[in-house]
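The structure appears right after this line, and notes come after that.
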Ligand SMILES: C[S@@+](CC[C@H](N)C(=O)[O-])C[C@H]1O[C@@H](n2cnc3c(N)ncnc32)[C@H](O)[C@@H]1O
């Protein structure tokens, strides 16, 4: 017969709202295969904290150990299906790339795409080896990016930070769930190296306004094109379904670029 536990289990709840909703999507066959066979190559496993997507606050992201070298690091928050980060990692082998995404099919799709991109590049070079090593400068982690940046990513360690089409949470009662807040801007600025770049894009005009307000007010950041001034479209930002949907709905895209001072 099991004994009642004498140890007190604290309640498991989050203290602040998160910028994502809990979605459990089915993996496609290709995603399941990648999840089963390519995790060792791409997935950064993390010890969990309070929530399913949270992080043990004592854990640190050690880029040199993860990539096996010291190189400039680019981190994308909410990498979705991996369009932008996989393309960038493939064409820019000198830098390391970390995709951060909470949605499991998205995480698996990054692995699918990365192997595909590596295989296409190998074929383009005339390589005939079927045993593709993948993209050695790309990793993906399934975790709340806000917590990852706050406690695990060392200060000054990012060359670039990308946040493309963060969930807009456009209903008034949901706005507190938006990712880009004053607290998050300070956390992001801390993670960037001096001179490092934070690129953002949104198709929601009032979220763009909030981003300008928040980023202009953060003393460790400066608008690369001046205060409250949109950036030209970042060429590394691949057109995804979110942008196409915005265009169909008649919403304009705002790109923002800020520099860590
Ligand atoms: C609207 S989608 C945009 C995806 C991609 N950036 C694009 O442009 O196609 C936002 C993504 O961010 C992810 N996300 C939201 N909050 C997150 C967080 N705190 N940490 C990690 N991923 C997050 C969501 O799961 C979703 O895939």
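The values are calculated or read from the model by the stated rules, or taken from the named source; none is laboratory data. It should be emphasised that the depicted structure is a prediction, and the values quoted were computed from it without experimental measurement. Note that we place each Cβ from the backbone using ideal geometry, even for glycine, and neighbour counts take in every protein chain shown.
Candidates 107, 102: the one that is closer than 16 Å to residue 165 by Cβ and within 16 Å of the ligand (Cβ to nearest atom) is 102.
Would you check which residues across segment 214-233 are in contact with a helix residue (DSSP H, G or I) (Cβ under 9 Å, 6 or more places away or on another chain) and under 29 Å from residue 152 (Cβ atoms) and list them? Within segment 214-233, 214, 215, 217, 218, 219, 220, 221, 222, 223 qualify. For segment 226-238, filtering for residues that are surrounded by fewer than 15 Cβ atoms within 10 Å (Cβ to Cβ) and in contact (Cβ under 8 Å) with a residue 12 or more places away in the chain leaves 4. Scanning segment 138-154 for residues that are buried (at least 22 other Cβ atoms within 10 Å of the Cβ) and more than 11 Å from the ligand (Cβ to nearest atom) yields 138, 139, 153. Test residue 95 against the criterion of being more than 11 Å from the ligand (Cβ to nearest atom) and without any contact (Cβ under 8 Å) to a residue 40 or more places away in the chain, and give yes or no. Judged against the criteria, residue 95 is not a match.
Just a yes or no: is a residue in segment 127-137 under 19 Å from residue 56 (Cβ atoms), under 21 Å from the mean Cα position of the chain (by Cα) and either surrounded by fewer than 16 Cβ atoms within 10 Å (Cβ to Cβ) or modelled with pLDDT of 90 or more (or both)? No.
Yes/no per residue for (1) away from the ligand (no atom under 14 Å from the Cβ); (2) without any contact (Cβ under 8 Å) to a residue 60 or more places away in the chain; (3) surrounded by 16 or more Cβ atoms within 10 Å (Cβ to Cβ):
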residue	(1), (2), (3)
170	no, yes, no
175	yes, yes, no
182	yes, yes, no
187	no, yes, yes
190	yes, yes, yes
195	yes, no, no
200	no, yes, yes
203	no, yes, yes
206	yes, yes, no
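Scanning segment 240-249 for residues that are surrounded by 11 or more Cβ atoms within 10 Å (Cβ to Cβ), within 11 Å of the ligand (Cβ to nearest atom) and farther than 19 Å from residue 97 by Cβ yields 241, 242, 243, 245, 246.
Scanning segment 92-126 for residues being crowded, with 18+ Cβ neighbours inside 10 Å and touching a strand residue (DSSP E or B) at 6+ places or on another chain (Cβ under 8 Å) gives a total of 10.
Number of residues in segment 208-239 that are out of contact with any strand residue (DSSP E or B) (no Cβ under 7 Å at 6 or more places or on another chain) and within 14 Å of the ligand (Cβ to nearest atom) equals 3.
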